[in-house]
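Encoded as structure tokens, the structure appears first; notes follow it.
The values are calculated or read from the model by the stated rules, or taken from the named source; none is laboratory data. Note that this is a predicted model, so its numbers are computed, not measured. Using ideal geometry, Cβ is built from the backbone for each residue, glycine included, and neighbour counts are taken over all protein chains shown. Areas reflect the complete protein model, heavy atoms only, side chains present, ligands, DNA and RNA absent. Shrake-Rupley method; radii C 1.70, N 1.55, O 1.52, S 1.80 Å.
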Amino acid sequence: ILFEGALTLNFKEIRGLESVVRRMVTVGMVVTWLTIAIATHWLLDLSWLLSLLFGSLVVVTGPTVIVPMLRILKLNKRVANVLRWEGIVIDPLGALLAVLVFNFIISSQSGANGLLGVLQDFSWILLIGCVLGGLAGELMGQILRRHWLPEYLHNVFTLTLVFAVFAVSDLLAHESGLLTVTVMGMWLANSKNTPIEDILNFKESLTVLLISGLFIILAARLDLEEFLQIGWLSIILFLVVQFVARPLKIFFSTLGSDLSVKERVILSWIAPRGIVAAAVSALFALKLEQQGYEEANLLVSLTFMVIIGTVVFQSATAGFLANKLGVASAESKGILMVGSNPVAVAIAEALNKHGFDCVLSDSHWRYIKEARMKDIKTYYGNVVSEHADQHLDLIGVGKLIGISMNGDLNLLAASRYKSEFGVANIFILTHEDKHKDRNEGKHMVSKEGKARHLFDKEVTYARLASLLAQGAQIKSTLLTEEFGYQDYLAKHGKNVIPMFGISPDGKQLRVFTRRESMEKLEADWKVIGMIQQPKTSENNAAENGSPENKKPR
């Protein structure tokens with residue numbers, strides 16, 4: 001789970017906010033730990049040792065809950081990246097802090113070397129985790145970059161290596177495995193020219209399965225009577241965690257940063273606890289009970305109380321607060337369009353009029369210039385370039401439409417942004433088959449599983465461009481009870497190409513595809529289509545050069 005999360009941690013994402021993240025997982029973590037420990041001791045009358053252990057257990061804001069929450073909340077990039085980095089990096093560090101406190105408790109009971117011995121062990125854990133994690137990350141990077149393994153073995157080999165490195169690390173330094181695999185993932189994420197997309201997708205699917213199973217297994221250890229026995233004081237403890245410890249952490253961590261007050265408020269609000277807190281608390285509670293600490297069984301109940309409280313409360317209120325503060329991204333009504341040719345510009349103009357913000361991308365400056373002259377947002381460059389990864393702003397963008405004259409570029413963009421938008425929100429225009437023989441398939445890029453086809457199979461870029469050149473226009477039509485979609489088709493016949501449907505509230509855009517027609521559109525929906533003016537007999541005669549229909553100049 002931690003390795004998969006670390007694979008998403010690219011240092012470019014927090015450029016300018018590195019010091020904030022660093023302080024959140026160091027100074028901020030200590031502030032949270034001590035605040036919760038003091039509150040636990042005074043409210044629940046736990047011993048100082050167990051209070052300090054509990055405080056160390058709940059300093060973590062796990063990626064298992066923060067990442068799904070961020071997907072729903074759609075916060076701005078700065079806030080989202082800080083929260084995601086904090087959640088992933090603090091998980092192994094928080095677990096190591098808990099190990100440090102636990103070892104101190106055990107050593108103090110046995111009369112071992114005490115604090116000095118514990119600090120030596122902790123330093124050894126850090127050394128092994130950083131060195132072994134870096135070496136494993138570099139080894140995996142070399143294997144991927146030099147193609148030492150066939151691609152179909154990448155996922156299996158990576159998973160095997162992660163388990164092997166974890167086991168070796170724990171053998172060299174007990175409890176160092178979590179840090180090792182996190183460093184390994186971060187090393188891979190920041191290695192240049194290392195293809196990790198397929199590995200990341202595989203690990204993400206596997207992580208969902210593991211998290212589901214772990215929460216069920218750990219929750220099964222909960223004793224309902226002990227949970228209720230904690231009483232109303234546990235609610236006060238939760239309020240301290242939510243409204244005292246977290247704001248204090250953010251205050252000290254963001255001093256001197258350029259984060260706005262509103263961004264700091266939402267950072268203070270969101271800190272859900274996850275699977276690492278639950279797993280470590282269950283493990284240490286068992287071990288401490290064996291050592292004779294009767295109050296240790298409260299650790300699991302208290303930890304789950306904090307997990308449930310933070311997840312339920314924050315997921316229910318964070319969205320409302322983010323919108324009120326104005327730190328949430330715009331609703332995903334934006335559309336990234338590959339190509340800035342005349343067809344793309346005409347479609348973008350029509351969608352912009354209805355509130356769907358289009359961004360046209362192209363490497364041809366002439367096309368980009370023409371789009372900018374019509375006040376359309378543009379990105380000058382290749383949409384699948386490394387520069388686009390760093391500079392193309394996708395906040396509020398929910399769909400991709402490939403209308404480039406280069407069909408292979410459309411497919412490449414669809415493949416690149418599949419994980420960003422999902423196949424259901426990626427559409428590409430059909431291009432003419434240049435190979436009409438029976439072996440045409442071997443000359444074309446595979447379309448399978450990459451995108452949905454725009455409009456109809458007979459609608460190609462060449463046809464749309466030709467119709468526009470002949471005077472066709474993209475217009476919107478309001479459907480009513482008396483004038484439905486079938487009436488719309490009957491009125492225009494073959495002179496219309498239905499393209500989009502817009503919901504009555506203007507928030508939903510339905511794209512016409514080969515497999516999804518607009519027949520289910522109801523009254524008050526709008527249909528956007530390219531309409532060609534029907535040719536009259538006079539026009540036909542004029543085009544054929546009939547002299548009686550030619551008018552004098």
Just to confirm my numbers, what's the Cα centroid distance between the stretch 25-72 and the stretch 246-303 in Å?
2
When only Cα pairs under 8 Å and 6 or more residues apart are kept, what is the percent relative contact order across the stretch 113-250?
28
Only one of the values [x] 30.0; [y] 26.8; [z] 33.9 was calculated from this structure for mean projected area of the Cα convex hull in nm²; name its label.
[z]
Where only protein heavy atoms count, and the probe is 1.4 Å, what is the accessible area per residue for the chain in Å²?
50
Just need the relative contact order of the chain here, percent rounded to a whole number, with Cα pairs under 8 Å and 6+ apart.
12
For the cross-link pairs K262/K374; K74/K491; K457/K507; K369/K491, which exceed 32 Å when the distance is taken from alpha carbon to alpha carbon?
K262/K374; K74/K491; K369/K491
Sequence-distant or interchain residues sharing an amide H contact under 5 Å with R452, placed H: which?
I426, F427, I428
Work out how much length Q473 to E225 would gain on full extension: take 0.36 nm times their residue separation and subtract the Cα-Cα distance, in nm to one decimal.
82.2 nm
Rank these by accessible area, largest first, 1.4 Å probe: W124, W33.
W124, W33
According to a simple spin-label model (label point 7 Å from Cα along Cα-to-Cβ), what is the distance in nm between L255 and M373?
5.6
Can you compute the FRET efficiency between T26 and D389 using 1/(1 + (r/R0)^6), with r the Cβ-Cβ distance and R0 = 35 Å? Round to the nearest 0.05.
0.75
Along the Cα-to-Cβ line of I106, 7 Å from the Cα, sits a label point; which residues in the stretch 288-320 have backbone N less than 15 Å from it?
288-293
Counting only DSSP beta bridges with both residues in the chain, what percent are antiparallel, rounded to the nearest 5?
45
Would you check the accessible area of I275, probe 1.4 Å, heavy atoms only, in square angstrom rounded to 10?
10
